[in-house]
1. Got a sec to turn the phi values of the range 109-124 into Karplus ³J(HN,Hα) couplings, 6.51 cos²θ - 1.76 cosθ + 1.60 with θ = phi - 60°, whole Hz, x for Gly and Pro?
2. Which one, Cys137, Thr117, Ser31, projects farthest toward the positive side of the charge dipole computed for the range 28-153 from Cβ point charges (K/R +1, D/E -1)?
3. I need Lys103, Lys514, Lys161 ordered by Cβ neighbour count within 10 Å, fewest first.
4. Taking Rh as the Kirkwood radius computed over C-alpha pairs, what is the Stokes-Einstein D of the range 69-162 at 10 °C in a medium of viscosity 1.306 mPa s, expressed in µm² per second?
5. Provide the net charge surrounding Asn557, with neighbours chosen by a C-beta distance below 9 Å and charges set as Lys +1, Arg +1, Asp -1, Glu -1.
6. Going by how many other beta carbons lie within 10 Å of each one, how would you line up Lys448, Lys425, Lys36, Lys430, fewest first?
7. Can you give me the long-range amide H partners of Phe224? Hydrogens built in the peptide plane at 1.01 Å from N, cutoff under 5 Å, separation of 5 or more residues or another chain.
8. Please list, or write none, the lysines whose alpha carbon is within less than 24 Å of the alpha carbon of Lys433, excluding same-chain residues fewer than 8 places away.
Amino acid sequence: MVSLSIKTFILSLSVASLATTSLAAPSHGCSALAAKQSTNITYADVAQCYASIPFNKEAARATLDSLTTFFDEYYVSRDAALSPRLAKPFEGDPVDIVTKLKKIGRTQYTSDRQFHTHVYEAVESLHDGHAVYAPYCYVAYMFVQPISMYAPVINGKQELKVYKDNKGRGYEDCTVTKIDNKNGMAQVKERASFLMYSKDPNVRLNEALASMAYNPEAGDFVVFPGQFAVRNLLPERATVRYELQCGGSKKVVVEDEWVINPQMPWQFTDTESYIKNVCLAPAGGADASAGSLRKRDLVSISSDRHDEFYALSKRVFDAQAGSPPSPSVTSPPVATPTLPSVYPEAIKIATGNSTVFYQLKDRPTVGVIVFVSAMIDFHDIDFTYKSLETFYQKGVTDIIIDVVSGNGGYANVGPDFAQFFFPNKGPLDKLVKMNLRVTPAIQQLSTKVFKSTDGGYSQMGNMFSLAGGGFYDSSRFFDYANNRLYTDNSLYTDTVTETRNGRKAVYTKMTAYKPVTHPVNTNLAKYPWTNNPSRLRIVTDGRCLSACANVVYYLANQYKIPTYGIGGTKGQPLSKYQYAAAGAVTQEGFVRMFAFANMTSPVKPTPYQGIVSVVVAEFFAPGSKIPLEFDGVRYATDYRLDYDPVNARSREAMWTQVAKAAWK
């Protein structure tokens, strides 16, 4: 690891300027931000702090060296990302991430924030949610707009409208005609085009706009404002200007400031201590932060984690309660939408760690399973079987599986969840082929970590693997040649060389995760939905990610459960899920695997602490040579639904629509 002196930064503090923030006020470094203590933080406070951090060539060079090695030698999708023509619903140009990083290295920078922002955006351009570079230094604060938006279809026409106005001004369902003096929908789609999420532009549109997500803390569905209204990086401007059309009234112009809150409780008093405590990695590397940073910090900077975002945004807007509305050019009329006084209702039957069970009140033969998280454990398996029995006892015959905004988790959860509806006929019933990149360093590591253990994290292919051999312990994978788990290290020594898009790389032969078979449950045979996809439906907005994607892949692609996609652009296809990779690892986890084996990691930690991760394992659909992450023909939903002012605010209304369409 490169050790960087705080003094190296401080010596150049005097030349740091605000040129990149377009602020006229003089900089007070990070002291003004520190003095706010998480309350009434302004855009200028954060911008001035960020601008006061001097660019350090040594840190920049070390960052690029680390990332280039990580992505060039261990990112399994490095060459697949060069694919020139992806099948619909995917869109986008090939991305050569290594070339992009090298180009950044040839650029002359004077701004530290600009350098790290460009690296962040280069990785984000992969549209692979497992590929991340997020330095805490510049994602330490969350920026939230009071107005969130959605794109309902009303009378056959899709328009951009206000979903929720957190300042209580009554703008709900006003049409958003312009944002910052440009066409409103075009502005939202432009923002969506830069998001790290799916290769499907309509999934990214859903991610940019507001939606409902189940929050375990609240025990109900809550509003997630969407990635247009929520930013991790410093926005370009201190305000957002909206032009609204509210019914037949005249144009309403509103200019809202960003509401800002720290994402983590960092302690600092000035620029020097901000650099030391927030930006730079601890002198001891990953081990030095073992007690303070880990899983929670990763999910805290990931705004796709709706449970974390709900708690944070609630604090933000609670703190703003009672404050006067921001000034607008014209007085706002009340524009509350005309909505039904009574929504369809559903009865909550059971709540688990990863799923919640509902029964539709007006259609009691229809049950709903809301997929909250893919962190299924043995308790969840028992809970799910008991809840399915409750469904049966209450007369449920048809089930909707709701994965709208579904989160990730254990990569091998797909065969677990599928067995609740399609019991294994044999121990190898639900294997999906996969492979991993191989380098000489990985071959050495795999020899030393064979049959290692770390309490189960690595066995599940979890990106939080912080100890043990993780993905590089052959004993955790299936040996197709001998019809058993690997009993030696030949997975990583008996390799194949493949050429993808003109580049050669070494991979393992096809393997699979350790087969998972549930104990026999005799109740399954009596359920009308068991082995019967006609009694099952999936509703998705395409944001079902990672392990959630693997669940839907099993249910929809392997077992032919019909899927309904909601949102996106009217009349265009929508994906069932996004980045269905076999597994990812953080840079911290990668380094720890080598430390576990008493080896020096070939990838050095980046000088700035934060989240760095890559995909190291990829799935393949049967008969396909294209990694599932890039295999667009496996993604489109069978049926499409549009958001409207009712189903966008009532999940029960959405479920009722699916039930009526599916079972009449």
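Read the figures in this text as sums done on the coordinates, not as results from a lab. Being a predicted model, the structure only gives us computed values, none of them experimental. Backbone-built Cβ (ideal geometry, glycine too); neighbour counts: all protein chains shown.
1. 10, 10, 9, 5, 4, 5, 4, 5, 5, 5, 5, 3, 6, 4, 5, 4
2. Ser31
3. Lys103, Lys514, Lys161
4. Using the Kirkwood radius from Cα pairs, D works out to 97 µm²/s.
5. Overall, the nearby charge balance is +3.
6. On the way: Lys448 17, Lys425 10, Lys36 14, Lys430 24.
Fewest-to-most Cβ neighbours within 10 Å comes out as Lys425, Lys36, Lys448, Lys430.
7. HN-HN under 5 Å from Phe224: Ser211, Met212, Ala213.
8. Lys88, Lys199, Lys425, Lys451, Lys504, Lys509, Lys514, Lys560, Lys576, Lys625
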